[in-house]
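Since every read-out is calculated from the coordinates, none of them should be taken as a lab result. Because the structure is a prediction, the values reported are computed rather than measured. Cβ: placed from backbone, ideal geometry, glycine included. Neighbour counts: every protein chain shown.
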Amino acid sequence: MVRCSILFDTPDERLMAGRRESPACFRDLNLDQITAAVTAGREAYDLPPIFHLPLLSVEAVRYRHEVFQDCENPNVFACVASFSERMRGVRAALLETRKLHYELQKQREHLDTVGEYCETVNALTRALTLSPLRSRGLNRLRQYLIDYTLSMAFGSLAAQTESLQADLAAIAYAVRIVGKRVEVSRYGGEPDYAAEVLATFAKFRQGAVEPRDFTFRSHTPMNHIEEAILDRVARLFPEVFAALAQYCERHREFLDPVVTEFEREAQFYLAWLEYLKPLRRAGLHVCYPEVFQGVQASRCSGAFDLALAHRRVAEKGEVVTNDFELRAPERIMVVSGANQGGKTTFSRLIGQAHYLAGIGCLVPGHEAALPLVDQVLTHFEREERVETLSGKLEESLERMRRLLGQATASSLLIMNESFDSTTVSDALFLNREILQRVIERGMLCVCVTFLDELASLSEKTVSYVAAVDPRDPAKRTYRVVRKPAEGLAYAMAIAEKYALTYEQVKERIGR
C-alpha cells in the first residue's frame, strides 16, 4: 500500500509509532494535562501515542513543521477540518448502518454513505489542488488524491453510486390503504393527494413563508409496515434492487486506507493549532523552534507553562513569561531563590519546550533554539507512601539511580528540590554527586534547589534566581532571571517552613 504519511517522512520512523504508555515525565511536567486537553473530543483517533513518541532526527521535526505551516493557512485548515468532519459523518453512518436489521434499508444506507465518502474525497482533492502547499507531506498527499480520484477503481465506484442513487430516486409507486389492507403498485398517474391537502390548508396561510430544503437521513430502523411496503416495491422493480444488492456486496469495504490514515494524522495538527488559539488570542506567542542535534546550547525567550497558561487565560489572569539560555560550555541550570517564586513552573516550561520541540510541535515563546533530546527525565519529590517499606530518601535515591541508568548524552534531566527531606549537608553531598555524573555524561540538566552552592559547582553550571519585587521582598514576581545566587534563599525557606521568620516570631511573642 502506498504511504503518504503527514506525520512521518520515512518508513523507519513509522515503524516506531506504536508506543502506548505515556513517558514518565508527563505527570511532573503537566504534559498529561496538556495532552488530555488537546485530544479531548478526538478519542476515536487514538492520538496520545503520537504525543508519546519523540522524533529521532532534525529532519523529522522539520517535516512536521512544514505541515503545521501549511495548516496555519486558513484555507488549508478549513478544508482539512471540513474533510475531517464529513469523514466523521461517514464513519458514524457506517456504524449506525451495521445496527440496522432490515437488509434493504441497510443497503440503501450503505449506498448513500459511499456517495458521501466519494463527495468528501473529491472535495478535499479540489481544495488541496487549489491551495499553495509547501510541505512535503501535504504535497505527497495531494498527488496521491489526484491519482486516486482519477483511477479506474474510484471512478467506477463514484459512477456506480451516482447511477444507483438516480435509479432509486426515479422509482415511483402508489400505496392504497383500504381498511387494514395495504396495496402497493407501480405509479400510474393517480392523483397527488399531497397537492390537494396543501390546497385545502392554503387559505389558512398568513404571509409568505421562506422555503426550506430539508435534506436528512434517518438511521431509525423501519417498522414492520414500512418493511412490508418496501418488500413489495422491491418486487415491482427487481432489476434496480438486484443491482443494489450486488453493489453492496462488491463495495462492502470501500474506505481507502491512505485517506483514513490521513484523517487520523491530520487531527494531530488540527488539535494542536486549536489548543493554541486561545493563548494566541490572549497575546501570548508560540513559535517554530530551531532544532539541532547535540546539546551545545539551548535557549528560548518568552516561554511559559502551557497548562498553567490555559488556566490563567480562562480565568482572565496574567501569564508571566520567562527566558532561559544555556551557552557553551554550560550544561546545568541551577535555579534557586525565593520560596513559591515560580521555580518549579520555570523547570516545567523548560521541560515542556524541549519535549514538544522533539515531537515537532510549535512551542511557547517568541523564538527558540533547542537541542533534540532523546528523553526528558524528571525527579520531583514525591509524598512518602505508607504502603512502601522504604523511606522517602531511599525511594528518591532509587528513582535517581534508575534515571541516571537510562540517561544518555542527549537526555535532559529536571531535578525539582531533590532530597530536600534530608539534612542540608546530606542534600548538598547527594546533589553534588549527581550533578557531577550529569557533567560527565554531557547531558542537560535543570536543578531547582535551595542550595545556592550548587550554582558554582563548575563552569558547566549557571545560576538562575526566582526574583522578588525590590520594593517589597515578600512579593513574588514569578520571573526567573539569569544572575548569581543570593545566598539567602535556603535560610529564608527554612525559616518560613518552621514559622521562624521575624514577622512570624514577632506575632507569636505578641500572642
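Worth pointing out:
- Nearest-0.05 FRET efficiency for Gln69 and Ser458, computed from C-beta distance (R0 45 Å): 0.65
- For Tyr193, Tyr355, Tyr275, the sequence from fewest to most other C-beta atoms within 10 Å is Tyr193, Tyr275, Tyr355.
- Put a dot 7 Å past the Cα of Ala78, heading toward its Cβ, do the same for Ala153, and the two dots end up 3.3 nm apart.
- The structure-derived value of Rg and Dmax of the Cα atoms in Å appears in the list [x] 32.2, 105; [y] 26.8, 92; [z] 24.1, 100 under the label [x].
- Overall form of the range 282-510 per C-alpha gyration tensor (a/c, 1.5; a/b vs b/c): oblate
- Pair Arg511, Ala282: separation of 7 Å Cα→Cβ label points (nm): 3.7 nm
- When you filter the trypsin sites (Lys or Arg not before Pro) in the range 109-206 for DSSP loop state and at most 14 other Cβ atoms inside 10 Å of their Cβ, you are left with Arg134, Lys180, Arg205.
- Three-way shape call for the range 418-471 based on the alpha-carbon gyration tensor, with the a/c threshold at 1.5: oblate
- Loop-located GluC sites (Glu not before Pro) in the range 19-89 (DSSP state other than H, G, I, E, B) with a sparse environment of at most 16 neighbouring Cβ atoms within 10 Å: Glu21, Glu72.
- Scalar couplings 3J(HN,Hα) for the range 110-124, obtained by applying the Karplus form with A = 6.51, B = -1.76, C = 1.60 to θ = phi - 60°, are 5, 4, 5, 5, 4, x, 5, 4, 4, 5, 5, 5, 4, 5, 5 Hz; x denotes Gly and Pro.
- Cα gyration tensor shape of the range 268-375, rounded if a/c is under 1.5, else prolate or oblate by comparing a/b with b/c: oblate
- Checking the Cα-Cα distances for Lys277/Lys460; Lys316/Lys392; Lys343/Lys460; Lys277/Lys475 against a 29 Å cut-off, the pairs over it are Lys277/Lys460; Lys316/Lys392; Lys277/Lys475.
- The alpha-carbon of Lys99 sits under 12 angstrom from the alpha-carbons of these aspartates and glutamates, leaving out residues fewer than 8 places away in its chain: Glu109.
- Applying 1/(1 + (r/R0)^6) with R0 = 51 Å to the Cβ-Cβ distance of Thr200 and Ile146 gives a FRET efficiency near 0.40.
- Whole-number percent relative contact order across the chain, with pairs defined as alpha carbons under 8 Å at least 6 apart: 17 percent
- Footprinting exposure proxy for His354, His366 (fewest neighbouring C-beta atoms within 10 Å first): His366, His354
- Amide H contacts of Tyr173 (H built 1.01 Å from N, under 5 Å, at least 5 apart or other chain): Tyr187
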